[in-house]
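Beneath this line is the structure, given in structure tokens, with notes to follow.
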Amino acid sequence: MQFDVSYFCFDGNSGKKNQDRVLVNKDLLTEGINHLQNLDTLFCFVADGIGSLVNSENAAQFVLEQLKYLPLKAEQNWQEIIDNFLQEINYQLVLWNRQPGDFFDSATTLCGLIYQEGKFLTVNAGDSEIWLYREKYLQRLNKLNVLWEDIPNSPITNYFGTDYPNLKLDFSSAVSSLNPGDKIVVTTDGLLKAISKKELIQILEEDSPLYIKIDSLYHKLCAQYNPDNLGAIFISEKSNG
């Protein structure tokens, strides 16, 4: 199985500091758009710095920088390895939050999808989202870690950082395979504040290569006001165009 991946990250509007970060197969993006083709492995993560804290972009950057070099083999217990690895990262962030510096008053969410040698794994902590597009329908695969899921901007209950450890990683989203025409979207919460689910479905069902339609979406978003930072990854099986 091979994949095409398009992804972007930017502030959304000039009035907001960009606290989103995107990681795709060791490419850590803080600004702009990129497209990769013919990938046989996926290591796709978004991190959304919590905006109420002043240094959260540093926490998001740090978590993804550490993840860039995490080696995984298909025969390993990925969940155990990633859980232990990320708990250690969170422990360091909590210590840094307790002293002056670049990580004082900082926190971030994390959401991602891994694929290697026929094996998928999803990881989530916070309110970012993993969406499966299938037959003109969007299904969210992960549970949001918030107090009230039906209330916009509800307080996040699971995250990296702050001065007290509060991280419980969720691996429960099930992805076993992709059907012809399926797409996966891994995104911070800014995307569906900027466009509706209906608009996203219309984009994903267009009969054009992934990089063309996501490039068009990116430039459309850049030309308009958006209420939040934007970090998103779009994944299509190669045979689907």
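Key figures for this structure:
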quantity: Cα centroid separation, region 142-197 to region 27-58 (Å); calculated: 14
quantity: Among E205, E80, E31, residue whose mean-square fluctuation peaks in a GNM of the chain (springs only between Cα atoms under 10 Å); calculated: E80
quantity: Solvent-accessible area, 1.4 Å probe, carbon plus sulfur percent, for the chain; calculated: 48
quantity: Region 134-236, dipole about Cα centre (Lys/Arg Cβ +1, Asp/Glu Cβ -1), debye to the nearest 20; calculated: 100
quantity: Cross-link table K26/K136; K119/K238; K119/K220; K26/K198, entries beyond 27 Å C-alpha to C-alpha; calculated: K26/K136; K119/K220; K26/K198
quantity: Within a Gaussian network of the chain (alpha carbon springs, distance under 10 Å), most fluctuating of V175, V123, V186; calculated: V175
quantity: Fully extended contour minus Cα-Cα distance, from K16 to Y69, at 0.36 nm per residue; calculated: 16.1 nm
quantity: Selected from K193, K73, K16 as most flexible by GNM, with the chain as the system and alpha-carbon contacts under 10 Å; calculated: K73
quantity: D83/T41 FRET efficiency (R0 22 Å; Cβ-Cβ; nearest 0.05); calculated: 0.65
quantity: Label point 7 Å beyond Cα of F104 along Cβ direction - residues of region 43-63 with amide nitrogen under 17 Å; calculated: 53-59
quantity: Segment Q116-A223, length gained on full extension (0.36 nm per residue, minus Cα span); calculated: 34.9 nm
quantity: Lys/Arg +1, Asp/Glu -1 at C-beta; the chain dipole; positive extreme among Y211, F104, N84; calculated: Y211
quantity: Surface per residue (accessible, 1.4 Å probe) for the chain, Å²; calculated: 46
quantity: The chain - charge dipole about Cα centre, Lys and Arg +1 at Cβ, Asp and Glu -1, debye rounded to 20; calculated: 180
quantity: Largest-first principal axis extents of the Cα set of region 107-206 (Å); calculated: 45, 34, 17
quantity: Modelled FRET efficiency - R0 35 Å, I212 with N179, Cβ distances, 0.05 increments; calculated: 0.95
quantity: Segment S172-D27, extension gain: residue separation times 0.36 nm, minus the distance between their alpha carbons; calculated: 49.6 nm
quantity: Positive-end residue of L39, P152, S128, charge dipole of the chain with Cβ unit charges; calculated: P152
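The values are calculated or read from the model by the stated rules, or taken from the named source; none is laboratory data. What you see is a predicted model, and the numbers here were worked out from it, not measured in a lab. Note that each Cβ is placed from the backbone with ideal geometry, even for glycine, and that neighbours are counted across all protein chains shown. Keep in mind that these areas ignore ligands, DNA and RNA; they rest on the heavy atoms of the full protein, side chains included. Shrake-Rupley method; radii C 1.70, N 1.55, O 1.52, S 1.80 Å.
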